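Report on one structure; see the data block that follows.
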Amino acid sequence: MALYPLVRPLAFALDAERAHALTIAALKRAKPRRPGAADPALAVRVAGLDFPNPVGLAAGFDKDAEVWRQMLGLGFGFVEVGTLTPRPQEGNARPRLFRLVEDGAVINRMGFNNRGQADALPRLAAPSPGILGVNIGANKENAGSDAAIADYAAGMRAMTGVADYLTVNISSPNTPGLRALQDAGALDALLEAVIEARGAGPPVFLKVAPDLLPADIEAIARTAIDRRVDALIVANTTVSRPHLRSPHRGEAGGLSGAPLKPLALARLRDFARASGGALPLIAAGGIASAADAFERILVGASLVQLYTAMVYEGPGIARRINRELKLLLARHGFARLEEAIGTKMS
Ligand SMILES: Cc1cc2nc3c(=O)[nH]c(=O)nc-3n(C[C@H](O)[C@H](O)[C@H](O)COP(=O)(O)O)c2cc1C
């Protein structure tokens, strides 16, 4: 882990997507370590699942479910693979992934490049050493039409047998039409189909965008509760552009990392208020430290996820956050993480 300061300049000298591909290739060659013993103070129960710690790897790093066992071995309490679509697709033209080093951020417009659900299935089938989430989406040609709902239902049916939870991703900004599924009427129809397709399968989480208006938030929270969604992930990348310094700031796509933090935190508060504690919340967006994780937990998140901070800080980040989170909890008088959830909800 202490090697990362030496490796980072080499990785950052490469095109970002090339560096990511090499990272996945290196991880694939590594034998997965067994996750270490869980610390009971950090354990969280959400949607009937026992998470050994609250720090998850967000979707998009392991799109094709190639290295999730290795990532569980690096100390993540859960790993979400995908987004996987029913059929394979290329995604957008390259370049489509940009590091904004001066901002601690990334812009991506990958466009759900993945080899499809059937390809991933054998790699997901063997027993998992930890909690595995599978994030599903619609193929590009279906995203703007009613056929999108059929894609999500197909994803549910394909993946129910291998996932500990399934995430319905309607918030990626790089598939035209996809985010329209967050509109109240469309969302209700989508969730009805998805929950039916899930049958007796695992819990269903819904992942939302940070670019939502107050009225959208109320409607999404109400629909998710009515349709018995098991948890909300707040949030995906943003199409907004807060003040940025990097030369890549003008690239189109979704922004993640440090500049997303205030927006993701604000949306988490909004959803905590709108759901009134009736929906477990999973926070994502600009989480890079134990203090960031703790802040989200206090305002109502039961779990957190990260991706971009790992690009900048290296693969030891989950262990580091967990170690420091335990100290933070103790310093604030909490014996267990679960006691802290939502204690600063406004
Ligand atoms: C390169 C990249 C690819 C991503 N791909 C996906 C994806 O396929 N599906 C998804 O739901 N989120 C995807 N995300 C969003 C992340 O899961 C996460 O919600 C977002 O990046 C905010 O967290 P962060 O600031 O810790 O990165 C991607 C993010 C990045 C940076």
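Numbers below:
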{"item": "Most mobile listed residue (L325, L279, L213) in the chain, GNM with C-alpha springs under 10 Å", "result": "L213"}
{"item": "Count of lysine pairs in the chain with Cα separation under 24 Å (8 or more residues apart, or interchain)", "result": "11"}
{"item": "Counting all C-alpha pairs of segment 175-235, share separated by more than 20 Å (%)", "result": "20 percent"}
{"item": "Rg/Rh (Cα only; Kirkwood hydrodynamic radius) as it applies to segment 1-97", "result": "1.02"}
{"item": "Cα centre as origin, Lys/Arg/Asp/Glu Cβ charges: segment 179-269 dipole, Debye", "result": "520 debye"}
{"item": "Cα centre as origin, Lys/Arg/Asp/Glu Cβ charges: the chain dipole, Debye", "result": "1020 debye"}
{"item": "Point-charge dipole on Cβ atoms (K/R +1, D/E -1) for segment 71-120, about Cα centre, debye to 20", "result": "200 debye"}
{"item": "Computed Rg/Rh of segment 171-287, alpha carbon atoms with Kirkwood Rh", "result": "0.99"}
{"item": "Segment 108-252 pair-distance distribution - Cα-Cα, 5 Å bins, rounded %", "result": "2, 9, 19, 22, 20, 14, 8, 5, 2, 0"}
{"item": "Relative contact order (%) - the chain, alpha-carbon pairs under 8 angstrom, separation at least six", "result": "18 percent"}
{"item": "Charge dipole (segment 1-90, unit charges on Cβ, about Cα centre) - positive-most of G48, A26, A16", "result": "A26"}
{"item": "Most mobile listed residue (K31, K261, K63) in the chain, GNM with C-alpha springs under 10 Å", "result": "K31"}
{"item": "Accessible carbon and sulfur surface of the chain relative to its total accessible area, %, 1.4 Å", "result": "56 percent"}
{"item": "Alpha-carbon centroids, segment 19-78 and segment 83-125: separation in whole Å", "result": "18 Å"}
{"item": "Whole-Å distance, taken between Cα centres, linking segment 134-173 and segment 278-327", "result": "26 Å"}
{"item": "Top positive-direction residue, dipole computed over segment 59-189 with Cβ charges, set A153, Q182, N114", "result": "N114"}
{"item": "Choice from L306, L14, L121 with maximal GNM fluctuation in the chain (Cα, 10 Å cutoff)", "result": "L14"}
{"item": "Heavy-atom accessible area per residue - the chain, 1.4 Å, Å²", "result": "41 Å²"}
{"item": "D_trans [Stokes-Einstein, Kirkwood Rh over alpha-carbon pairs] for segment 38-164, 37 °C, 0.692 mPa s, µm² s⁻¹", "result": "208 µm²/s"}
{"item": "Intensity falloff of the chain expressed as log10 I(q)/I(0), Debye formula with alpha-carbon point scatterers, at q = 0.07 Å⁻¹", "result": "-0.25"}
{"item": "Dmax and Rg, reported as Rg then Dmax, of segment 268-327 (C-alpha, Å)", "result": "12.1, 36"}
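The values are calculated or read from the model by the stated rules, or taken from the named source; none is laboratory data. The structure displayed is predicted, hence computed values, not measured ones. Counting neighbours? That spans all protein chains shown, and the Cβs are built from the backbone with ideal geometry, glycine included. Areas reflect the complete protein model, heavy atoms only, side chains present, ligands, DNA and RNA absent. Shrake-Rupley method; radii C 1.70, N 1.55, O 1.52, S 1.80 Å.
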